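A quick write-up on the structure given underneath.
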Amino acid sequence: MSASDAAPLRQLRLDALVETPESFGSSYEEEHTLTLADIQEWIVPANDGAMFGVFTADALAGMVGVGRQRKLKMRHKAHVWSMYVAPAHRGRGFARLLMHAAIAHAQTMRGVRQVQLSVTANNTAAVTLYASLGFTVYGHEPEALFVNGQLYDEALMALPLAGK
């Protein structure tokens, strides 16, 4: 993605927060005031992270971010965030394509030994996708998110990077 993709990325992110609020640690209420400059920082981060999008002829269909942990003692780990494919574009392999891009980027991050993510535990489609890519569950956080009066558990998953 490039900085010029900030407007469609902002819209897709807000759509994701409305459509599946239980899938994200953030909320529409927290992010609807983000400016295009804020979103551009996601696309062109100061560190070695990246934001990837998959585009169809007329729209940004999906997104995923990957970034290095910032704390010195945890810089050997990358984290996948904001994974989402719009409902009209699901079932076409876009999520797998985005995850391949995020993993490949993490492999270029010097010293990164593993990629981690968290996923709403009852999202079987996402858990299945991540497992098929080699991620394994290393933890379970009960009641990780409280959304619209309902509690959701999260599965914590990790993928060791080959040769690291």
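A short reminder: the numbers here are calculations on the coordinates, not readings from a lab. Computed from a predicted model, the values in this text were never measured in an experiment. Quick reminder, even Gly has a Cβ in these numbers, built from the backbone with ideal geometry, and neighbours come from all protein chains shown.
Tabulated values for the structure
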| read-out | value |
| --- | --- |
| Binned Cα-Cα distances of the stretch 43-151, short to long, each 10 Å bin given as a whole percent | 13, 42, 35, 10, 0 |
| Among Ala78, Ala57, Ala126, residue whose mean-square fluctuation peaks in a GNM of the chain (springs only between Cα atoms under 10 Å) | Ala57 |
| Qualifying trypsin sites (Lys or Arg not before Pro) for the stretch 1-93 [loop in DSSP, other Cβ within 10 Å: at most 15] | Arg70, Lys71, Arg90, Arg92 |
| Over the stretch 32-97 - Rg/Rh using Cα atoms and the Kirkwood inverse-distance radius | 1.03 |
| The stretch 1-151, relative contact order in percent, only Cα pairs under 8 angstrom and at least six apart counted | 20 percent |
